[in-house]
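Undergrad: The structure follows.
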């Protein structure tokens, strides 16, 4: 149990450091698409929601899990589609000249 | 290979793809790959989870996926001016999901008598973060959509009440950790967190929204991390941490660009207007016409356009594109100066201009373009105000003193397109408008830009 806990903290600390380094290098042009991308990524909560909605232990937990999954799925779908839509708009000058 | 090992390997692949997805956002030329990597990562995450042996039926999973997709598609098609609201709404959904999963898990473990102190602690963190992000983000979305007044709503003892609510939720949380079966504490924590989220955002004004959205982004990520500790799931922790650090960095960039600390954004309502000293100089304003403006622009060798949110409100970005084309045809070097807080969320102005087909290599960030202003013939300010106010450099009594600004005033000539002399978002008088080298073009941004474009078209013929 304690060892498991330490492993979880381990992952958290390392992922935070990677996150900070990677995000620092994100182009300032792209901060809005970055936010909609991270909206989709934080919808990883779908993983927890699927387990709760799929275990079907009590009606109460199944209902909460299903609502949570719908909320996460909304973020996944709208997050990726919107990011893609915005990124398509970023064009260089050469692209415009025929 | 056991199912459990298979799931963990799929999760590992998913984590790597999430990191690559963020890494490829470093440049517009690789950014399209980000979406592919991110979607693939999510597909792996969901696919791996569906393998869990605990899952006995898929009917509710399908319902959740279908409902979410049905809601998600229209939300991805909002106009770009509405992206900040959509983003805030998305943080609300993220917080709600975390809060609900935490709630479900608490009552499941309570029934099965499997609540340990560690599990309870993680659940408490998850529901506090989740539910406060939920209501806080809904409030932010409401303010951005202007359903709720954007001005700061303040009252006496505000910070005290907020502090009591938050500390109260944490103390009750600690009591619950000590004795996890005291289940009557649980709804109280939920109630406190929901209320705290609302009261935290009420006093925050529209000008601070870019920072607030970034902070809420971080909270939504951290609530996913807490869920990861509850479910002892590495993928949730890793992806949540990536999101949390992203929100944190954006919030830091935003607050630095406004010269305000987090504490200041969250606990000191902005917009308490100071009486301005510039009033006496009102007579020295010079206004101009589109004809004269077009002449000055037409003979300029270098032009820097400073767009503000007013440009987007007036829907003038496509006119600005035409202006960019006409000026380029006349041989001028045209660039755009982008302040980090231009718009209503981080990077908002870049997206608005990219939509108007302005090439992204013309969009220059503040620190890079500021040294160019003194050599620039014309700075054209469209719907921007506080971000070009020189008072930020020298007037210690100004509420924006110390905020980094775009040095538009240092250009040889400054043309400001503005609806009227009303002060901007923060309600601060702008001395740029009174300077000798400044010409004011009063009117609606879209109409004025249209007028300039027509005049320049004549010259181009």
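Undergrad: Condition (residue is part of a helix (DSSP H, G or I) and more than 7 Å from chain B (Cβ to nearest Cβ)) applied to the range A:17-30: is it met by at least one residue? Break it down into steps so the answer makes sense when it comes.
TA: Kept after step one, since they are part of a helix (DSSP H, G or I), are these residues of the range A:17-30: A:17-24, A:28-30.
With the extra rule that they be more than 7 Å from chain B (Cβ to nearest Cβ), the set shrinks to A:17, A:21.
Scanning the range A:17-30 turns up at least one residue that is part of a helix (DSSP H, G or I) and more than 7 Å from chain B (Cβ to nearest Cβ).
Undergrad: Sticking with this structure for a sec: Among the listed residues B:172, B:190, B:161, which satisfies the condition of being more than 28 Å from the chain's Cα centre (by Cα), assigned by TED's automatic domain parsing to the domain that holds residue B:90 and part of a helix (DSSP H, G or I)? Give the derivation first.
TA: Details: B:190 fails: more than 28 Å from the chain's Cα centre (by Cα); B:161 fails: more than 28 Å from the chain's Cα centre (by Cα).
From the options B:172, B:190, B:161, the qualifying one is B:172.
Undergrad: Any idea which residue in the range A:1-12 is nearest to residue B:251 (Cα to Cα), counting only those that are touching a helix residue (DSSP H, G or I) at 6+ places or on another chain (Cβ under 8 Å) and more than 7 Å from chain B (Cβ to nearest Cβ)?
TA: Taking the range A:1-12 as the starting set, the residues that turn out to be touching a helix residue (DSSP H, G or I) at 6+ places or on another chain (Cβ under 8 Å) are A:1, A:5, A:7-8, A:11-12.
Those left that are additionally more than 7 Å from chain B (Cβ to nearest Cβ): A:1, A:7.
Values: A:1: 35, A:7: 29 Å.
The residue in question is A:7.
Undergrad: Go through the range B:58-84 and give me each residue that's in a helix (DSSP H, G or I), within 20 Å of the chain's Cα centre (by Cα) and facing another protein chain (nearest Cβ under 7 Å). Before you say what the answer is, go through the steps one by one.
TA: Within the range B:58-84, the subset in a helix (DSSP H, G or I) is B:59-75, B:80-84.
Next cut, within 20 Å of the chain's Cα centre (by Cα) only: B:72, B:75, B:80-84.
Within the range B:58-84, B:72, B:75, B:83 qualify.
Undergrad: Looking at residue B:363, is it closer than 28 Å to residue B:141 by Cβ and not assigned by TED's automatic domain parsing to the domain that holds residue B:251?
TA: Here the answer is yes, as residue B:363 does meet what is asked.
Listed here are the residues, each with its yes/no results for (1) modelled with pLDDT of 95 or more; (2) more than 21 Å from residue B:92 (Cα to Cα); (3) out of contact with any strand residue (DSSP E or B) (no Cβ under 7 Å at 6 or more places or on another chain); (4) buried (at least 18 other Cβ atoms within 10 Å of the Cβ).
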{"position": "A:6", "(1), (2), (3), (4)": "no, yes, yes, no"}
{"position": "A:14", "(1), (2), (3), (4)": "yes, yes, yes, no"}
{"position": "A:37", "(1), (2), (3), (4)": "yes, no, yes, yes"}
{"position": "A:65", "(1), (2), (3), (4)": "yes, no, yes, yes"}
{"position": "A:70", "(1), (2), (3), (4)": "yes, no, yes, yes"}
{"position": "A:77", "(1), (2), (3), (4)": "yes, no, yes, yes"}
{"position": "A:96", "(1), (2), (3), (4)": "no, yes, yes, no"}
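Undergrad: Here is a further query. Considering only the range B:160-173, how many residues are within 16 Å of residue B:136 (Cα to Cα) and surrounded by fewer than 15 Cβ atoms within 10 Å (Cβ to Cβ)?
TA: Of the residues in the range B:160-173, the ones within 16 Å of residue B:136 (Cα to Cα) are B:161-163, B:165-166, B:169.
Still in the running and surrounded by fewer than 15 Cβ atoms within 10 Å (Cβ to Cβ): B:161, B:163.
Total satisfying the criteria: 2.
Undergrad: Working only within the range B:213-232, note down all residues that are at the interface with chain A (Cβ under 8 Å from one of its Cβ atoms) and surrounded by 24 or more Cβ atoms within 10 Å (Cβ to Cβ). Spell out how you get there, then give the answer.
TA: Filtering the range B:213-232 for residues at the interface with chain A (Cβ under 8 Å from one of its Cβ atoms) gives B:213-214, B:217, B:220-221, B:223-225, B:227-232.
Correct list: B:213, B:214, B:217, B:220, B:221, B:223, B:224, B:225, B:227, B:228, B:230.
Undergrad: Please report, ordered by residue number, the helices (runs of 4 or more DSSP H) entirely within the range B:321-422 with at least 3 residues that are closer than 30 Å to residue B:246 by Cα, touching a residue at least 40 places away in the same chain (Cβ under 8 Å) and away from every other protein chain (no Cβ under 11 Å).
TA: Values: elements: B:348-355, B:366-369, B:391-394.
Passing ranges: none, list empty.
The values are calculated or read from the model by the stated rules, or taken from the named source; none is laboratory data. Model, not experiment: these values are computed from the prediction. All Cβ positions, glycine included, derive from the backbone under ideal geometry; neighbour counts span all protein chains shown.
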